[in-house]
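Worksheet for the structure shown next.
Just so you know, all these numbers are worked out from the coordinates, no wet-lab data involved. On a predicted model such as this, the values are computed, not experimentally measured, just so you know. Backbone-built Cβ (ideal geometry, glycine too); neighbour counts: all protein chains shown.
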Amino acid sequence: MQISFSGLRALVTGAGKGIGRDTVKALRDSGAQVVAVSRTKEDLVSLSKERPGIEPVCVDLGDWEATERALGNIGPIDLLVNNAAVLLEQPFLEVSKEAFDRTINVNLRSVIQVSQMVAKGMIARGVPGSIVNVSSIVSRAAIFCLTSYSSTKGAMDMLTKIMALELGPHKIRVNTVNPTVVLTHMGRRVTNHTELAKYLKERTPLNKFAEVEDVVNSILFLLSDKSAMTNGSGILVDGGYLAC
């Protein structure tokens, strides 16, 4: 299935590594102009070398005021991927205010802020658009020591439905992808827990974790007109984990 984003402008958060980085590359390769947002300047420099022509923006999305300054005048955006996230492992009884606040601010609050900016621009221009929020299977299945992360992903799933409800009349679609463990730098922190990784893989009917490409392909589908009637929904990229 060939998908073209020629003539469209996309914004991807968490673009420095993993899913976000490969999404930027795929969008650029499919003809889109891409704004790549990351808090790590070195990642943006190397990404710009790999895909010349992207528009790098270095900002910590956990900082509301800095995000407003960096993206408040970003210009017209047709496609948005809210991918930025932090994962701070703590058992429930040890969750700290600092860790919880940081996780909420990056994983959830920034989705609201950036999506508001983009959606208001789409509405003002009178154009349709597509927003994809990168969630997780832990929005629906509990895993030890991921209290803060899982809570933000559960909230993201409901936020996506609300966004779909309110933005749909403006022809703006909003959906999620909900992957299992993905073999990125963040994902390998989970696989380093040998017993947990063994349990998760054995429960998965396909008996494997996701590759970054598996998630990126689902994101591209949801961004494209190939999913024109998909709104307020989610694609499980979990190998059947939640089917059990």
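For this structure, a couple of remarks:
- Mean residue ellipticity at 222 nm, helices only, the chain: -13000 deg cm²/dmol; runs of at least 4 DSSP H residues each add -39,500 (n - 2.57), and the sum is divided by the number of residues.
- Cross-link pairs beyond the 32 Å C-alpha cut-off, checked among Lys198/Lys226; Lys25/Lys97; Lys25/Lys208: Lys198/Lys226; Lys25/Lys97
- Neighbourhood net charge (15 Å Cβ-Cβ; Lys/Arg +1, Asp/Glu -1) for Gln90: -1
- In this simple spin-label model, placing a label point 7 Å from the Cα along the Cα-to-Cβ direction at both Glu50 and Lys208 gives a separation of 2.1 nm.
- Highest-MSF residue in the chain out of Arg39, Arg125, Arg51 [GNM, Cα springs under 10 Å]: Arg125
- Nearby aspartates and glutamates by direct alpha-carbon distance to Lys201 (threshold 19 angstrom, same-chain neighbours under 8 apart not counted): Glu211, Glu213, Asp214, Asp238
- Simple label model, 7 Å out from Cα along Cβ direction - Tyr199 to Ala155, nm: 2.6
- Its residue count N sets the reference 2.2 N^0.38 Å, and the alpha-carbon radius of gyration of the stretch 190-244 equals 1.37 times that reference.
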